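A.B. asks: Encoded as C-alpha cells, here's the structure I'll be asking about.
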Amino acid sequence: MVVRLTSPDTAARGADGVTLAADVLVIGGGLAGGWAAIAAARAGASVILVEKGYFGASGVTATAGPGHWWVPPDPAGARSQAIAQRNARALGLGDPRWMERIIDLTWRTLPTLAPYYDFPTNEAGVTQFRGLRGPEYLRALRRLASDLGVRILDHHPALELVADPDGAVVGAKGLRRQAGGDWLVRAGGVVLATGGCAFRSRLLGAHNNTGDGLLMGAEAGAELSGMEFSSYYTVAPARTTMTRSMSYGFARYFDADGRRLEIAPGPDVTRALAAALLRGPVLCSLEDTPQDIRAVMPQVQPNFMLPFDRMGVDPYRDRFEITLTGEGTVRGVGGLRLADDDGGVGVPGLYAAGDTASREPVAGANSGGGAQNSAWALSTGAWAGEAAARFARRPTARRMSRGEGLGRVGLRPARRAGAVAPGEIEGAVKAEMLPYDKTVFRSGPRLARSLETLEEAWKASRDHLGDGAADRLRSREAAAMAAAARWCCTSALARNESRGMHQRTDAPASDPRLARRLRLRGVDRILVLPERTVGREEILP
Amino acid sequence: MIDLILTSRCTGCNACVIVCPTNVFEPRGGGPPAIARQDACQTCFMCELYCPADALYVGPDCEAPSPTDEATLLASGRLGQYRRDSGWDEWADDPRYANQHWRMDAIFARARAASARS
C-alpha cells in the first residue's frame with residue numbers, strides 16, 4: 001500500500017490567515033477526534049477537523065496499539081459480567097450504564113473501519129477487531145474521514161474558543177503554524193478532542209498533549225471531574241520515550257548492586273518501582289520473555305525494539321536502566337465533566353471526547369488501561385460528533401454568529417507582557433507534577449506546598465505570559481499545563497483518602513463518605529463540588 | 001531524538017515535514033528539509049515510518065542528540081527498520097511482516113500466568 005499524504009491546506013493563504021465555516025468543528029485529530037469527525041460527517045454535517053500536528057501521527061494512540069473493550073453480545077450475561085468486574089475496580093465512582101453504552105457502541109462501530117483497516121484473522125480464521133496498531137488505525141480514521149468529506153487542517157493548533165454573548169460556543173481560533181497567520185472557524189458545534197495532559201513527561205506521543213482542551217473548555221464554563229486520578233505512570237527504558245509496557249509483564253528488576261528487587265508484575269508495580277527509583281537506579285531484565293514472543297514482537301509492536309536496537313542493548317540478555325514516565329490525565333482519568341449522554345459539557349454548542357472528557361463513568365478511580373480508554377474515546381467521540389451535528393442543524397441555530405475569543409491566560413496577559421517565558425512556567429509545573437514523591441506518594445502537606453508553587457506560576461502566567469512577540473502556542477500550552485496542574489492538586493488535596501490510583505500517605509485508607517466524584521469549577525478561582533450522587537444512585541449521607 | 005536526514009537518500013518529498021506532530025522540519029525548496037527544531041522532537045519515530053526513502057534516523061535518547069553519520073547508518077541496517085517491521089509500502093505483501101498485533105491479548109495472558117507461577 002502506498003502512503004498517500006494530503007498536503008497542508010492551500011485553499012486560502014495570507015499573512016492574516018483565514019476564516020472558515022462548518023456545521024461542526026473538531027479540535028484534535030487523535031482517536032476521539034477522528035471518530036467525532038466521522039460521526040458528524042455520517043450525520044450529514046459539514047466538518048472541519050483542526051489538529052496541532054498531523055491527523056495520523058499525532059497523539060498517544062498513533063504511537064501505541066490500542067485494544068478496545070470488546071465484549072460480544074453473546075453469550076447472554078457476558079457483558080453484565082464484564083461490567084460488574086470493571087465496576088468493582090472503579091471503586092464506587094463508575095456507572096454501569098455508561099459501561100454498557102461504550103461496549104455496545106464500540107462493538108457496532110469498530111468493524112465499520114474494515115474498508116480502511118486490514119483487520120487480521122487469527123489461526124482459526126476469525127477476524128480480530130479488538131486490537132489495532134496505532135499508526136494504521138489513525139491512518140484509517142484519516143482516510144475514512146477524508147472520504148466522508150471532512151476538511152482536515154494539519155498544523156492548525158487551536159488557541160481559544162469563541163462564544164456568542166449568551167455564552168454559546170460558536171467556533172474557535174488558532175494558528176496556522178506552517179502556512180502562517182491565524183485561523184478562525186465559525187461552527188454550529190465544537191468538539192474538544194485534544195487529549196489529556198501528560199505535563200511534557202516524554203510519554204510516547206504526548207508532547208502535544210498539554211491539556212489545551214481542558215483549559216479551553218473551562219474558560220467556556222465547563223466543569224472538570226476526577227482530576228485527582230492523574231497519577232498513572234508507565235515503565236520505559238531510561239532516557240527513552242518507549243512507554244510500551246506489555247513486555248514488562250515478564251520483567252525482573254534489580255538495584256544498582258545487582259540485587260533482585262521483589263517487584264511482581266501487577267497492579268502494585270508502580271508504587272514498588274517508584275519507591276525503588278527514589279532510592280537509586282533500577283535495572284530491568286526481560287530474559288523471562290518466551291522465545292516465541294521475542295520472535296513475534298517486531299510484528300506485534302514494531303516500535304518496541306527501536307530504542308534497544310539503537311542503544312545496542314539486547315533486553316532479553318542485558319540488564320538496562322528503567323524509568324517511570326508520568327501519564328498525567330492521559331492514562332489517568334480526569335477531564336471535562338460530561339453533563340449529558342451526548343458528550344455535552346453543559347455549555348451550548350460545546351462537547352468533549354476521549355481523554356479530554358473525564359472517564360470516571362467507565363474507569364472510576366483506576367485507569368481504564370488501553371481497553372476501556374479506547375472504547376471511551378471511540379464512543380464519546382462518536383456521540384459528541386453526532387450531537388454537535390444535530391445541534392448545528394437545529395431549526396433555531398443562528399448561522400455565522402459573531403463571537404468573542406474566550407482565551408485569557410497565556411494569550412492576553414493582565415499586566416505588563418513578556419516578563420515570563422513559557423519554559424519557566426512549564427518547568428515549574430513539571431517539577432510539581434512528575435516527581436514520584438509528589439505524585440505517586442501524595443500527602444496533604446506536600447500537595448498544599450505544590451499548590452502554593454503552582455499558584456505563583458499561575459499568577460505569573462496570568463499577569464505576564466504571552467504577548468505579541470511571544471510564541472503564542474508555547475505560551476498557551478504552558479498556561480494549559482499550569483491550569484491542569486492546579487486542578488489535579490486541588491482535587492487531590494480535597495480527596496483526603498486513598499482510592500484507586502490516588503494514594504495519600506497521610507490517609508492510606510478509603511473513606512466511604514468520599515465514594516463520590518469531585519467536580520471542579522473555575523479557572524482562576526477553583527471551587528470543589530463533591531457530587532451528591534454517582535451515576536443515578538443516591539449516596540447515603 | 002531526530003539526528004540525521006541522509007542527503008544521499010532523501011528525495012525532498014517533504015512527507016516528514018507534513019507528518020511530524022511537533023513541526024521539527026522546515027522545507028528547503030526541493031532538497032532535503034532542515035532539522036530546524038531538533039529540541040521539539042518527541043522521539044515518536046513517526047517520520048521514519050512515513051519516509052518512503054528510509055532517509056531519516058531518530059536516535060534512541062529522547063533527552064539529547066545521539067550524533068552519527070551517513071556511513072555508519074547505511075552500514076547499520078537499521079534504516080527503515082520501523083517501516084519494514086510495520087509491513088508498510090513495499091513490505092505490505094511480505095508474510096514475514098504481517099500485522100500480528102492481535103496476539104497482544106494472548107501475550108498479556110501468558111505474562112500474567114508467568115507472574116502467578118513465580
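The values are calculated or read from the model by the stated rules, or taken from the named source; none is laboratory data. All values derive from a computational prediction rather than experimental measurement. Cβ coordinates were reconstructed from backbone atoms using ideal geometry, including for glycine residues, and neighbour counts include every protein chain displayed.
A.B. asks: Here are B:D39, B:D85: which of them is among the acidic types (D, E) and surrounded by 14 or more Cβ atoms within 10 Å (Cβ to Cβ)?
C.D. replies: On the way: B:D39 fails: surrounded by 14 or more Cβ atoms within 10 Å (Cβ to Cβ).
Every option except B:D85 fails the conditions.
A.B. asks: Continuing with this model, one more query. Here is a list: A:G180, A:G195, A:G188, A:G149. Which entry is in contact with a strand residue (DSSP E or B) (Cβ under 8 Å, 6 or more places away or on another chain) and not in a strand (DSSP E or B)?
C.D. replies: Of the residues listed, the single one that is in contact with a strand residue (DSSP E or B) (Cβ under 8 Å, 6 or more places away or on another chain) and not in a strand (DSSP E or B) is A:G149.
A.B. asks: Give me a count of the residues in segment A:300-316 that are surrounded by 20 or more Cβ atoms within 10 Å (Cβ to Cβ), at the interface with another protein chain (Cβ under 9 Å from one of its Cβ atoms) and within 17 Å of A:S245 (Cα to Cα).
C.D. replies: Summing the residues that are surrounded by 20 or more Cβ atoms within 10 Å (Cβ to Cβ), at the interface with another protein chain (Cβ under 9 Å from one of its Cβ atoms) and within 17 Å of A:S245 (Cα to Cα) in segment A:300-316 gives 7.
A.B. asks: Sticking with this structure for a sec: Name every residue in segment A:168-218 that is among the aromatic types (F, W, Y) and within 14 Å of chain B (Cβ to nearest Cβ), in order of residue number.
C.D. replies: Answer for segment A:168-218, where residues must be among the aromatic types (F, W, Y) and within 14 Å of chain B (Cβ to nearest Cβ): just A:F199.
A.B. asks: Could you count how many residues in segment B:69-78 are within 11 Å of chain A (Cβ to nearest Cβ) and modelled with pLDDT of 95 or more?
C.D. replies: Number satisfying all stated conditions: 1.
A.B. asks: Could you please give the count of residues in segment A:272-310 that are farther than 14 Å from A:F250 by Cβ and not aliphatic (A, V, I, L, M)?
C.D. replies: 11
A.B. asks: Can you tell me which residues in segment A:205-234 are surrounded by 24 or more Cβ atoms within 10 Å (Cβ to Cβ), in a strand (DSSP E or B) and over 13 Å from the mean Cα position of the chain (by Cα)?
C.D. replies: Residues satisfying the conditions are A:L224, A:S225, A:Y233.
A.B. asks: Could you check segment A:239-280 and list, in sequence order, the residues that are in a loop (DSSP other than H, G, I, E, B), buried (at least 16 other Cβ atoms within 10 Å of the Cβ) and within 28 Å of the chain's Cα centre (by Cα)?
C.D. replies: Passing the criteria: A:R239, A:T240, A:T241, A:M242, A:T243, A:R244, A:S245, A:A251, A:P265.
A.B. asks: Given the conditions (1) buried (at least 24 other Cβ atoms within 10 Å of the Cβ); (2) assigned to a loop (DSSP other than H, G, I, E, B), report the number of the one that A:R202 does not fulfil.
C.D. replies: Going through the list (1) buried (at least 24 other Cβ atoms within 10 Å of the Cβ); (2) assigned to a loop (DSSP other than H, G, I, E, B), A:R202 breaks only (1).
A.B. asks: Look at segment A:197-243 and say how many of its residues are on the phi > 0 side of the Ramachandran plot and touching a helix residue (DSSP H, G or I) at 6+ places or on another chain (Cβ under 9 Å).
C.D. replies: 6
A.B. asks: Out of B:D39, B:D93, report the one residue that is among the acidic types (D, E) and farther than 30 Å from A:E477 by Cβ.
C.D. replies: Only one candidate passes the filter, namely B:D93.
A.B. asks: Let me ask something additional. Pick from segment B:67-82 the residues that are of a type in the set (A, V, I, L, M) and in a helix (DSSP H, G or I): which of them is surrounded by the most Cβ atoms within 10 Å (Cβ to Cβ)?
C.D. replies: Among those residues, the one meeting the criterion is B:L73.
A.B. asks: Taking the condition of being facing chain A (nearest Cβ under 9 Å) and either touching a residue at least 24 places away in the same chain (Cβ under 8 Å) or assigned to a loop (DSSP other than H, G, I, E, B) (or both), how many residues in segment B:33-62 meet it? Working first, answer last.
C.D. replies: To start, the set of residues in segment B:33-62 that are facing chain A (nearest Cβ under 9 Å) comprises B:40-50, B:52, B:57-62.
Then drop every residue that is not either touching a residue at least 24 places away in the same chain (Cβ under 8 Å) or assigned to a loop (DSSP other than H, G, I, E, B) (or both), which leaves B:41-50, B:52, B:57-62.
The number of residues fulfilling the criteria is 17.
A.B. asks: Let me ask you something else. Of the conditions (1) in contact with a Pro (Cβ under 6 Å, 6 or more places away or on another chain); (2) surrounded by fewer than 24 Cβ atoms within 10 Å (Cβ to Cβ); (3) within 16 Å of A:G34 (Cβ to Cβ), A:L105 fails just one. Which one is it?
C.D. replies: (1) is the only condition that A:L105 fails.
A.B. asks: Checking A:A397 against (1) over 28 Å from A:T490 (Cα atoms); (2) at pLDDT 95 or above; (3) more than 21 Å from the chain's Cα centre (by Cα), only one condition comes out false. Which one?
C.D. replies: Evaluating A:A397 over (1) over 28 Å from A:T490 (Cα atoms); (2) at pLDDT 95 or above; (3) more than 21 Å from the chain's Cα centre (by Cα) leaves (2) as the failure.
A.B. asks: Residues of segment A:55-81 being within 14 Å of chain B (Cβ to nearest Cβ) and in a helix (DSSP H, G or I), which ones?
C.D. replies: A:G59, A:V60, A:T61, A:A62
A.B. asks: Quick one: in segment A:318-336, which of the residues that are more than 9 Å from the chain's Cα centre (by Cα) and assigned to a strand (DSSP E or B) is farthest from A:R239 (Cα to Cα)?
C.D. replies: A:L336
A.B. asks: Filter the helices (runs of 4 or more DSSP H) completely within segment A:375-472 down to those with at least 2 residues that are farther than 30 Å from B:R37 by Cβ and among the acidic types (D, E).
C.D. replies: In segment A:375-472, the matching helices (runs of 4 or more DSSP H) lie at A:444-464.
A.B. asks: Working carefully through the options B:P33, B:P67, B:P52, find the one that is in contact with a Pro (Cβ under 9 Å, 6 or more places away or on another chain) and over 28 Å from A:T127 (Cβ atoms).
C.D. replies: Details: B:P67 fails: in contact with a Pro (Cβ under 9 Å, 6 or more places away or on another chain); B:P52 fails: in contact with a Pro (Cβ under 9 Å, 6 or more places away or on another chain).
Sole residue among the options that is in contact with a Pro (Cβ under 9 Å, 6 or more places away or on another chain) and over 28 Å from A:T127 (Cβ atoms): B:P33.
A.B. asks: Just give me the residues in segment A:281-291 being over 19 Å from A:R202 (Cα atoms) and part of a loop (DSSP other than H, G, I, E, B), in sequence order. Before you say what the answer is, go through the steps one by one.
C.D. replies: Step one: list which residues in segment A:281-291 are over 19 Å from A:R202 (Cα atoms), which gives A:283-291.
Those that are over 19 Å from A:R202 (Cα atoms) and part of a loop (DSSP other than H, G, I, E, B): A:L286, A:E287, A:D288, A:T289, A:P290.
A.B. asks: Tell me, yes or no, whether segment B:88-99 has at least one residue that is surrounded by 15 or more Cβ atoms within 10 Å (Cβ to Cβ), touching a Gly at 6+ places or on another chain (Cβ under 7 Å), within 9 Å of another protein chain (Cβ to nearest Cβ) and of a type in the set (S, T, Y). Give the steps one after another, and end with the answer.
C.D. replies: Residues of segment B:88-99 surrounded by 15 or more Cβ atoms within 10 Å (Cβ to Cβ): B:88-89, B:91, B:97, B:99.
In the following step, the residues that additionally are touching a Gly at 6+ places or on another chain (Cβ under 7 Å) were identified as B:97, B:99.
The next check asks that each one be within 9 Å of another protein chain (Cβ to nearest Cβ); those that pass are B:97, B:99.
Now drop any that are not of a type in the set (S, T, Y), which leaves B:97.
Within segment B:88-99, one or more residues are surrounded by 15 or more Cβ atoms within 10 Å (Cβ to Cβ), touching a Gly at 6+ places or on another chain (Cβ under 7 Å), within 9 Å of another protein chain (Cβ to nearest Cβ) and of a type in the set (S, T, Y).
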